[in-house]
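J.: Starting off with a structure, shown below.
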Amino acid sequence: MVSKTASKKVNAVTKRQQALELRKKCYTYQEIADALGCSRSGAYKYVSKALAELTEKVRNSADELRELENTRLDELWTKAYDRVQDGDLTAINTCIKISERRAKLNGLDSPVRSDITVTPNVPTMAATDEEKQVLNELARIRGGLDDDE
């Protein structure tokens, strides 16, 4: 026999899954609430909780993958480091590359700062007298020029 608590948990998980599926189909929270027989805020809570659970699963999967990759890098490092002790320059470079990869994988490097300068591509051809007149009139209307300019 299934306890009432277990039954409620199963029901809540099912509702969260259904709510998320409906949200993925672009249903509004009110439409989800109507379909699941709950309030609009309840529908929002179902979707939010389902998304949080999904995010946690992805985070855990990424952590597991990161751990596996770190183990592989450890094995490679150990093999190369034996040759580093003998002064092998190729092995030294290999260990440096492994260290760089590990730092990137684990987020140990500082963010790279990039300064970007954008220069507008201004047309080089000169405006005609008529175009200058229109531009001056627009500037005057917008308050950029006095009437006598």
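The values are calculated or read from the model by the stated rules, or taken from the named source; none is laboratory data. Here the structure is a predicted model, which means the values were calculated and not measured. Every residue, glycine among them, receives a Cβ derived from its backbone with ideal geometry; neighbour counts consider all protein chains shown.
J.: Only residues that are among the hydrophobic types (A, V, I, L, M, F, W, C) and within 30 Å of residue 22 (Cβ to Cβ): list them for region 51-74, please.
T.: Within region 51-74, 51, 52, 54, 58, 62 qualify.
Conditions (1) at pLDDT 90 or above; (2) part of a loop (DSSP other than H, G, I, E, B); (3) within 23 Å of residue 72 (Cα to Cα), marked per residue:
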| site | (1), (2), (3) |
| --- | --- |
| 86 | yes, yes, yes |
| 103 | yes, no, yes |
| 109 | no, yes, yes |
| 114 | no, yes, no |
| 125 | no, yes, no |
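J.: Quick check, is residue 34 modelled with pLDDT of 95 or more, closer than 30 Å to residue 12 by Cα, of a type in the set (D, E, K, R) and surrounded by 10 or more Cβ atoms within 10 Å (Cβ to Cβ)?
T.: Here the answer is yes, as residue 34 does meet what is asked.
J.: Would you confirm whether or not region 45-63 contains a residue that is part of a helix (DSSP H, G or I) and closer than 30 Å to residue 93 by Cα?
T.: yes
J.: Against the condition part of a helix (DSSP H, G or I) and either in contact (Cβ under 8 Å) with a residue 24 or more places away in the chain or exposed (fewer than 15 other Cβ atoms within 10 Å of the Cβ) (or both), how does residue 68 come out, does it pass?
T.: Spelling it out, residue 68 is indeed part of a helix (DSSP H, G or I) and either in contact (Cβ under 8 Å) with a residue 24 or more places away in the chain or exposed (fewer than 15 other Cβ atoms within 10 Å of the Cβ) (or both).
J.: Considering only residues that are within 23 Å of the chain's Cα centre (by Cα) and in contact (Cβ under 8 Å) with a residue 12 or more places away in the chain, look in region 88-124 and name the one that is surrounded by the fewest Cβ atoms within 10 Å (Cβ to Cβ).
T.: 106
J.: Here's another thing I want to ask about it. For region 33-73, which residues satisfy the criterion of being acidic (Asp, Glu) and under 16 Å from the mean Cα position of the chain (by Cα)?
T.: 56, the sole residue that qualifies.
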